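J.: Have a look at the structure that comes next, please.
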Amino acid sequence: MKKIRVGIIFGGRSGEHEVSLHSAEAILRSIDRDKYDVIPIGITHEGKWLASKNAVAMLSAGEAIQKTLTAGEAIVLAAEPVAHGIVDVIFPVLHGTYGEDGTVQGLFELANLPYVGAGVLGSAVGMDKDVMKRLLRDASLPIVPYWSLLKSELDSFLRAHMNALPYPVFVKPANLGSSVGITKAHSPEELPAALQTAAEYDRKIVVERGIDAREIELSVLGNDVPIASIPGEIIPSREFYDYEAKYVDEDSRLLIPAPLSPEQVKEARRLAIAAFKILECSGMARVDLFLEKPTGKFYVNEINTLPGFTAISMYPKLWEASGIPYSALIDRLIALAIERHAEKNKLRTKY
């Protein structure tokens, strides 16, 4: 039986470049080589595309992984629907901008290649926290009150809101993940610096009211009929689950399953699947919820359309606890990508 050629793309021009490398290492170690021929494709910080030997050299476990791969040269992926011969399906592991925001998904669409994860629209709205929250709000899903502004509006926003915001507030780049560039401002005096930090990473900024809440996460899997995993809970080692708490400190804890009542589990799953559908996602996503402590009310915080995929990341760990082990999860995601592509290719393109 002919093996499926899977191009695993990682790295990229993003503040989450290093996180992407760790995800790619885990997939390269765990993907079933009896089913798949693996073509690793690395994208440098500068945007250069590399294949095989040069790509794997980007990884900390590169030498060990390289022994299982065939050498290759630099890759060029033509943006035209021809028989590429390079890969049968793409597994992008590009967290953040230029990988999770619909840009590279547009290239795959032009090339008529199946790929894992959300399409152009779902990726774009999932990345933009402002647009995402607007769509969730318009669909009557509960979200925490927030404000959005452009980098050019910093001064006017401070004049209008600096002393009126319900502190504490979280200040975030609108288009980034892994808690990069996020600051918790406890008072008006801390707001200007928080806005400047966020503005270093994006031209649009989100300011969100802070609430006393538990952080609940669920993994979603599927295309038109998605399913949700059991919920997990984040117990951060710091005041909030920032980049250091996620990837540097070893004191943050993941509770799987989250200590919730059956009714709360049912509601969390309902919200996760609803958010997945409303935001036009497919393949996979991790949905992050807040469970407000004083009221017991759930809020949808955000969706992550290409979540961390290391062996200890929440997305695969939640599925493992729900009965789908890591290697089988990779199989399911590749199958979903091929299924969605085949369905789309049946559509008429001529009138």
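The values are calculated or read from the model by the stated rules, or taken from the named source; none is laboratory data. For clarity, every value in this text was computed on a predicted model and none was experimentally measured. When we count neighbours, we look across all protein chains shown, and the Cβ atoms used for this are built from the backbone with ideal geometry, even at glycine. Protein only, heavy atoms only, side chains kept; ligands, DNA and RNA dropped before computing areas. Shrake-Rupley method; radii C 1.70, N 1.55, O 1.52, S 1.80 Å.
J.: Among all the aspartates and glutamates, which ones have a C-alpha under 12 Å from K2's C-alpha, if same-chain residues fewer than 8 places away are not counted?
T.: Output for K2: D34, D37, D88.
J.: Can I ask one more? Can you tell me what share of the DSSP beta bridges in the chain is antiparallel? A percent to the nearest 5 is fine.
T.: Counting only bridges with both partners in the chain, antiparallel ones make up about 75 percent.
J.: Search the structure for amide H atoms under 5 Å from the amide H of I8, placed 1.01 Å from N in the peptide plane, and list their residues when 5 or more places away or on another chain.
T.: Those qualifying (amide H under 5 Å, at least 5 residues apart or on another chain) are I39, I41, F91.
J.: Take peptides 94-103, 140-149, 206-215 and line them up by average Cβ neighbours within 10 Å, highest first, as a rough protection proxy. Working shown, then result.
T.: Numbers: 94-103: 23.3, 140-149: 16.0, 206-215: 17.9.
Result, highest mean first: 94-103, 206-215, 140-149.
J.: Now for a separate question. List the residues, sorted by chain then number, that are 5 or more residues from A258 or on another chain and whose placed amide H is less than 5 Å from its amide H.
T.: Amide H neighbours of A258, under 5 Å, 5+ apart: G232, E233.
J.: If you take every residue apart from D32 with its C-beta less than 13 Å away from the C-beta of D32, what net charge results, scoring Lys and Arg +1 and Asp and Glu -1?
T.: +2
J.: How charged is the neighbourhood of A272? Take every other residue with its Cβ under 12 Å from the Cβ of A272, and add Lys/Arg as +1 and Asp/Glu as -1. Provide the component values of the computation, followed by the final result.
T.: On the way: positive: K266, R269, R270, K277, R286; negative: E217, E267, D288, E302.
Combined, the nearby Lys, Arg, Asp and Glu give +1.
J.: Connecting C-alpha atoms closer than 10 Å in a GNM of the chain, tell me which of K297, K317, K53 has the biggest fluctuation.
T.: K297
J.: Can you give the helix-only mean residue ellipticity at 222 nm for the chain, where every DSSP H stretch with n ≥ 4 adds -39500 (n - 2.57) and the sum goes over all residues, rounded to the nearest 500 deg cm²/dmol? Can you show the working numbers first?
T.: Working: 12 runs with 116 residues, N = 351.
Computed mean residue ellipticity for the chain: -9500 deg cm²/dmol.
J.: Relative contact order of the chain, please, whole-number percent, based on alpha carbon pairs below 8 angstrom and at least 6 residues apart. List each step's numbers first, then the result.
T.: Numbers: 737 pairs, mean separation 61.8, N = 351.
Once normalised by length, the contact order is 18 percent.
J.: Need the full-extension length gain, N112 to L347, defined as separation in residues times 0.36 nm minus the C-alpha distance. One decimal, nm. Mind showing how you got there, number by number?
T.: Numbers: separation 235, 0.36 × 235 = 84.60 nm, distance 1.27 nm.
The span from N112 to L347 would gain 83.3 nm if fully extended.
J.: With +1 on each Lys and Arg Cβ and -1 on each Asp and Glu Cβ, and nothing else charged, work out how big the dipole of the chain is about its Cα centre, in Debye to the nearest 20. Each step should come with its number before you reach the end.
T.: Numbers: 39 positive and 45 negative charges, 201 e Å.
Value, rounded to 20: 960 debye.
J.: Once you've got the GNM for the chain with C-alpha springs shorter than 10 Å, pick whichever of G181, G323, G122 has the biggest mean-square fluctuation.
T.: G323
J.: Sticking with this structure for a sec: Here is the link list: K3/K317; K151/K350; K297/K317. Which ones come out longer than 31 Å on Cα distance? Don't skip to the answer; put the middle values down first.
T.: Details: K3/K317 27 Å; K151/K350 43 Å; K297/K317 25 Å.
With Cα atoms farther than 31 Å apart: K151/K350.
J.: Please work out the C-alpha center-to-center distance from the range 286-312 to the range 3-35 and express it in whole Å.
T.: A separation of 24 Å, based on Cα centres.
J.: With springs connecting C-alpha atoms under 10 Å apart, model the chain as a Gaussian network and identify which of S20, S322, S219 has the largest mean-square fluctuation.
T.: Comparing S20, S322, S219 in a Gaussian network model of the chain, the most mobile one is S322.
J.: Between the alpha-carbon centers of the range 117-140 and the range 164-186, tell me the distance in whole angstrom.
T.: Using only Cα atoms to place each centre, the spacing works out to 18 Å.
J.: Taking only protein heavy atoms and a 1.4 Å probe, what accessible area per residue, in Å², does the range 282-351 have with all protein chains in place? If you can, show how the numbers build up before the last one.
T.: Values: 3400 Å² over 70 residues.
With all protein chains present, the range 282-351 gives 49 Å² per residue.
J.: Another question about this same structure. Percent of accessible area on the chain owned by carbon and sulfur, 1.4 Å probe? Working shown, then result.
T.: On the way: 8330 of 16020 Å².
Summing carbon and sulfur atoms, their accessible area is 52 percent of the total for the chain.
J.: Check the straight Cα-Cα distances from K293 and name the lysines below 21 Å, setting aside those fewer than 8 residues away within the same chain.
T.: K184, K266
J.: For a bin width of 10 Å, list the pair-distance distribution of the chain built from all Cα-Cα distances, rounded to whole %.
T.: Answer for the chain: a P(r) of 5, 25, 34, 23, 10, 2, 0 percent.
J.: So which aspartates and glutamates can K277 reach, going by Cα to Cα under 15 Å and dropping same-chain residues fewer than 8 places off?
T.: D138, D224, D288, E302
J.: As a test of reading the structure, rank D37, D128 by solvent-accessible area (1.4 Å probe, protein chains only), most first.
T.: Descending order: D37, D128.
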